[in-house]
Amino acid sequence: MRLHRRALRFPGELAKLPKSVKIISLVVFIYYLGWGIAEPFLPIYFKQIFENYTSVGFVTGLLYILSLLWTLPIGDLTDKISKKKFIGLILFLYAPIGPLLLVLKNFFDFVLFRVYHSFLASSLWTCSEAYVREHSPKNKTAEAIGLFDTSSNISLNMLLC
């Protein structure tokens, strides 16, 4: 019975979060929904361009390896600048990703693309999470981060079901 009451209170707890946290969670939901749709097809597209699976695996994994390298400097940078403006800049720089991906022709082009993409992905994730932490109420940080993480994970994994 206690769990039932707690479950009914759950939407009310989220309603108490600030509007800025809800908006950034919605933005991240839409962003990751786009990548959730495109990401499963990227290795297939890479295989059409490359001659072997080793190149496909390298270019695919490069995003995650480079993201590790970008995260620390970007985290330091987000402490010094406006997070809202930086998120806006990152989303603006994401606009040419689709057309850019379609004009790449060789392995080196895809490596450069992954460097660019890893910078943007790391920047958006790091800055968005810092923004949520900064705008969450004092005793509601866990709820704010939970909403943010859930909105990104649900949209990424929605197509798997």
Checklist entry - Is there a residue being under 20 Å from GLY36 (Cβ atoms), of a type in the set (Asp, Glu) and assigned to a helix (DSSP H, G or I) anywhere in the range 95-118? => result no
Checklist entry - Of the residues that make up the range 68-81, is at least one of a type in the set (S, T, N, Q) and assigned to a helix (DSSP H, G or I)? => result yes
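Okay, residues lined up against (1) over 17 Å from TYR31 (Cβ atoms); (2) among the aliphatic types (A, V, I, L, M); (3) in contact (Cβ under 8 Å) with a residue 24 or more places away in the chain:
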site	(1), (2), (3)
LEU72	yes, yes, no
GLY75	yes, no, yes
ILE87	no, yes, yes
LEU91	no, yes, yes
TYR94	no, no, yes
ILE97	no, yes, no
LEU100	no, yes, no
VAL103	yes, yes, no
PHE107	yes, no, yes
Checklist outcome for this item: Scanning the range 150-161 residue by residue, those out of contact with any Leu (no Cβ under 9 Å at 6 or more places or on another chain) and either farther than 18 Å from GLU39 by Cβ or buried (at least 19 other Cβ atoms within 10 Å of the Cβ) (or both) turn out to be THR150, SER152
Next on the checklist: Considering only residues that are hydrophobic (A, V, I, L, M, F, W, C) and more than 22 Å from ASP79 (Cα to Cα), which ones fall in the range 114-146?
Outcome noted: VAL115
Next on the checklist: Taking the condition of being of a type in the set (Ser, Thr, Tyr) and under 13 Å from TYR131 (Cβ atoms), how many residues in the range 15-38 meet it?
Outcome noted: 2
Checklist entry - If you check LYS138 against the conditions, is it more than 26 Å from GLU39 (Cα to Cα), under 17 Å from the mean Cα position of the chain (by Cα) and among the charged types (D, E, K, R)? => result no
Checklist outcome for this item: The number of residues in the range 46-56 that are touching a residue at least 12 places away in the same chain (Cβ under 8 Å) and either of a type outside the set (Phe, Trp, Tyr) or in a helix (DSSP H, G or I) (or both) is 4
Checklist outcome for this item: Flagged in the range 110-130 as closer than 10 Å to ILE87 by Cβ and surrounded by fewer than 21 Cβ atoms within 10 Å (Cβ to Cβ), in numbering order, are ALA130
Item to check | Options PHE119, PHE113, PHE108; residue that is under 14 Å from the mean Cα position of the chain (by Cα) and either modelled with pLDDT under 90 or of a type in the set (Phe, Trp, Tyr) (or both) | outcome: PHE119
Checklist entry - Going by the conditions given, is GLU134 touching a Lys or Arg at 6+ places or on another chain (Cβ under 8 Å) and among the charged types (D, E, K, R)? => result yes
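Yes or no, residue by residue, for (1) surrounded by fewer than 16 Cβ atoms within 10 Å (Cβ to Cβ); (2) under 14 Å from the mean Cα position of the chain (by Cα); (3) at pLDDT 90 or above; (4) under 28 Å from ILE23 (Cβ atoms):
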| residue | (1), (2), (3), (4) |
| --- | --- |
| VAL56 | no, no, yes, no |
| VAL59 | no, no, yes, no |
| ASP79 | yes, no, no, yes |
| LYS85 | yes, no, yes, yes |
| ILE90 | no, yes, yes, yes |
| ALA95 | yes, no, yes, yes |
Checklist entry - In this structure, is LEU33 out of contact with any helix residue (DSSP H, G or I) (no Cβ under 6 Å at 6 or more places or on another chain), surrounded by 12 or more Cβ atoms within 10 Å (Cβ to Cβ) and of a type in the set (A, V, I, L, M)? => result no
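The values are calculated or read from the model by the stated rules, or taken from the named source; none is laboratory data. All values derive from a computational prediction rather than experimental measurement. We place every Cβ from the backbone using ideal geometry, glycine too, and count neighbours over all the protein chains shown.
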